[in-house]
Amino acid sequence: MAESNSAMPVSDILRAEGNSLTIRVGEYLLTLKIEGPEVKSSGRFKLERGQTMFDLVLEAARKFVRDAGENEFSAAALYYLARENHPDLEIKRNSWNSHIVSSAPNHPSYRHYTSHRKYLRYLGEGKYSLEPNLNP
């Protein structure tokens with residue numbers, strides 16, 4: 001490879017402006033677009049400050065009762081309603097179901113959870129109802 005005996009200042013040969021890099025070699029000009037690293041989702045579930053998934057459970061249950069006019073629903077029905085109301089959130093199905101169970105004090109598995117709420121009643125066979133004092 002031959003060495004260059006150029007006396008041109010480097011600023012005339014290589015120039016960075018915004019998100020592009022321009023290289024000049026003699027009468028030739030090469031412009032490259034510089035792209036930053038892709039911003040990947042952390043995979044973590046992010047809610048507004050002070051809001052928890054239990055708030056989403058209660059919101060979905062109230063909306064279901066108000067819109068459907070009946071007070072019997074499944075965890076899946078609330079899950080799809082929550083996903084519809086918050087498409088930007090990555091709600092994991094298993095986590096959702098855990099929050100549903102830990103919101104129903106009479107569910108047999110309620111005792112296995114550390115966070116407890118008294119939002120729902122377990123009716124058996126996967127059906128729940130909203131506590132009467134929380135009806136919209």
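The values are calculated or read from the model by the stated rules, or taken from the named source; none is laboratory data. Please read these numbers as outputs of a predicted model, since none were measured by experiment. Note that each Cβ is placed from the backbone with ideal geometry, even for glycine, and that neighbours are counted across all protein chains shown.
In table form, for the structure just shown:
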| item | result |
| --- | --- |
| Filter result for the condition that a residue is within 30 Å of L14 (Cβ to Cβ) and of a type outside the set (F, W, Y), over L32, L130 | L32 |
| Boolean, R117 is in contact with a strand residue (DSSP E or B) (Cβ under 6 Å, 6 or more places away or on another chain), charged (D, E, K, R) and modelled with pLDDT of 85 or more | no |
| Single match in K92, K118 (criterion: closer than 21 Å to R49 by Cα and basic (K, R)) | K92 |
| Hits in the range 79-114 - residues which are of a type in the set (A, V, I, L, M, F, W, C) and without any contact (Cβ under 8 Å) to a residue 40 or more places away in the chain | L81, A82, V101, A104 |
| Residues within the range 78-114 that are in contact with a strand residue (DSSP E or B) (Cβ under 7 Å, 6 or more places away or on another chain) and either over 17 Å from R62 (Cα atoms) or of a type in the set (D, E) (or both), tallied | 2 |
| In the range 123-132, residue surrounded by the fewest Cβ atoms within 10 Å (Cβ to Cβ) [restricted to those that are of a type outside the set (G, A, S) and more than 10 Å from F73 (Cα to Cα)] | E125 |
| Residue list for the range 62-120, filter: under 21 Å from N135 (Cα atoms), of a type in the set (S, T, N, Q), over 21 Å from the mean Cα position of the chain (by Cα) and surrounded by fewer than 14 Cβ atoms within 10 Å (Cβ to Cβ) | N106 |
| Lone unmet requirement of (1) at pLDDT below 90; (2) part of a helix (DSSP H, G or I); (3) polar (S, T, N, Q) for Q51 | (2) |
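Every residue, every condition in (1) in a loop (DSSP other than H, G, I, E, B); (2) in contact with a Pro (Cβ under 9 Å, 6 or more places away or on another chain); (3) modelled with pLDDT of 95 or more; (4) among the β-branched types (V, I, T), yes or no:
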position	(1), (2), (3), (4)
L78	no, no, yes, no
L89	yes, no, no, no
W96	no, no, yes, no
I100	no, no, yes, yes
S103	yes, no, yes, no
N106	yes, no, yes, no
